[in-house]
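Here is the structure we will look at, set down as structure tokens.
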Amino acid sequence: MKQLNIANTEMKASQIVLGCMRMNEPGRDAAKIIQTAYDHEINFFDHADIYGGGDCETIFAKGLKETSISRSDIYLQSKVGIRPGIAFDFSKQHIIEAVEGSLKRLDTDYLDALLLHRPDTLVEPEEVAEAFSMLEKAGKVRAFGVSNQNPGQIELLKTAVKQPLHINQLQFGLKHTGMIDTGINVNMDNQAGLVRDSGILEYSRIQNMTIQAWSPFQYGFFEGPFVGNTEKFPELNAKLAELADQYNSTPSGIAIAFINRHPANMQTIIGTMTTSRIIEVTDAADIVLTRDEWYALYQAAGNLLP
């Protein structure tokens, strides 16, 4: 699998990331899931303090101990800033307390990356800066980033935050192509041409921020996966099946290859806890779609070219 340099860090991370949001679901064998991912070249694991109310981090730590993997062999990332009750909190106190909680549950001395989880409109950049500096100085966080933030919000943080913001976690996939649509439909009087994110894709490339694409198989607002949904997306699934046959892969593998093909060098976060699906996706990670195939998929997903 292709390894990416995360922005300007020393991290050489797998292009595929295992998201651990569902690790607390009944019947999951955390050790087997982690070992399978690692054996298929995934070395980057994504968490958040709110996943399973913190249980996912605890379960992961216990599972990791049952594998042959050392802590130093992998990268652990967590996100903070969402509090129970649907509130956002980027205060210095909450960031530090949340990180301490994640470190304890993950049974580790440090996070390789810490992201601010969705924007807090009440953010005080100076408080974030103090929290980040304290965590970095204490050796508890090695790299920082954000999640679901636009260029203006990132620039606001940078007025006070001294550490580089290396990562932005954004939803992207064949049925969430908004940050691509706006670039393709520049100066067009249509829905796709509406700029909703202030050009985050181009900004990220200019700033050398690594985009992490989350929920790559979802459509709508968590309405479900588009892969295999031939009733709603017949043309897209037919194209996925055609290319899967051509590349000796699967439709899910081709959906990942669509993301990986973009020159922004994104990481793709998969949330599956099924080992066969992990193998299926990682086996397809090295597929490089042609430009014609990429645009054919884009159009099969329902997007029109101007």
Within a Cβ distance under 11 Å of ILE96, other residues only, what is the Lys/Arg minus Asp/Glu net charge? -2
Return the whole-Å distance between the Cα centroid of region 226-253 and the Cα centroid of region 254-281. 14 Å
Note the per residue figure in Å³ for the convex hull of the C-alpha positions in region 264-303. 106 Å³
Solvent exposure of the chain as accessible area per residue, Å², 1.4 Å probe: 45 Å²
What label, among (1) 31, 25, 16; (2) 40, 19, 17; (3) 34, 26, 19, belongs to semi-axes √(5λ) of the Cα gyration tensor in Å computed from the structure on display? (1)
Specify whether the C-alpha gyration tensor of region 179-263 places it in the rounded, prolate or oblate class, a ≥ b ≥ c being the square roots of the eigenvalues: rounded for a/c under 1.5, otherwise prolate if a/b is larger than b/c and oblate if not. prolate
The chain - mean residue ellipticity at 222 nm from DSSP helices (-39,500 (n - 2.57) per run, n ≥ 4, rounded to 500): -11000 deg cm²/dmol
What's the longest piece of the chain with no exposed chymotrypsin sites (Phe, Trp or Tyr not before Pro), counting a site as exposed if DSSP puts it in a loop and it has at most 10 other beta carbons within 10 Å? 1-220
Could you tell me the center-to-center distance, by alpha carbons, between region 62-96 and region 122-183 in angstrom? 16 Å
Pick out, in residue order, every one of the GluC sites (Glu not before Pro) in region 223-294 that is DSSP loop and has at most 14 other C-beta atoms within 10 Å; say none if there are none. GLU223, GLU231
Among the listed pairs LYS32/LYS104; LYS62/LYS175; LYS62/LYS162, give every one whose C-alpha distance is greater than 26 Å. LYS62/LYS175; LYS62/LYS162
Please list, in chain and number order, the residues 5+ apart from HIS117 or on another chain whose amide H is under 5 Å from its amide H, with Hs placed from the backbone. VAL80, GLY81, ILE82
Percent of accessible area on the chain owned by carbon and sulfur, 1.4 Å probe? 49 percent
Which residue, GLN191, GLN171, GLN207, tops the fluctuation ranking in a GNM of the chain built on C-alpha contacts under 10 Å? GLN191
Spin-label proximity, ARG83 to region 95-137 - amide N less than 17 Å from point 7 Å beyond Cα toward beta carbon: 95-102, 116-125, 127-128, 131
Could you grab the Rg to Rh ratio for region 148-209? Cα atoms only, Kirkwood for Rh. 1.02
Amide hydrogen neighbours beyond the local backbone of TYR75, cut-off 5 Å, H modeled: PHE44, PHE45
In region 1-62, the GluC sites (Glu not before Pro) that sit in a DSSP loop and have at most 10 other Cβ atoms within 10 Å of their own Cβ are GLU10
Dividing the convex hull volume of the alpha carbon atoms of region 28-129 by its residue count, what do you get in Å³ per residue? 99 Å³
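The values are calculated or read from the model by the stated rules, or taken from the named source; none is laboratory data. Note that the structure is a prediction, hence the values are computed from the model and not measured. All Cβ positions, even for glycine, are placed from backbone atoms using ideal geometry, and neighbour counts span all protein chains on display. Accessible surface is based on the protein model in full, side chains and every heavy atom, while ligands, DNA and RNA are left aside. Shrake-Rupley method; radii C 1.70, N 1.55, O 1.52, S 1.80 Å.
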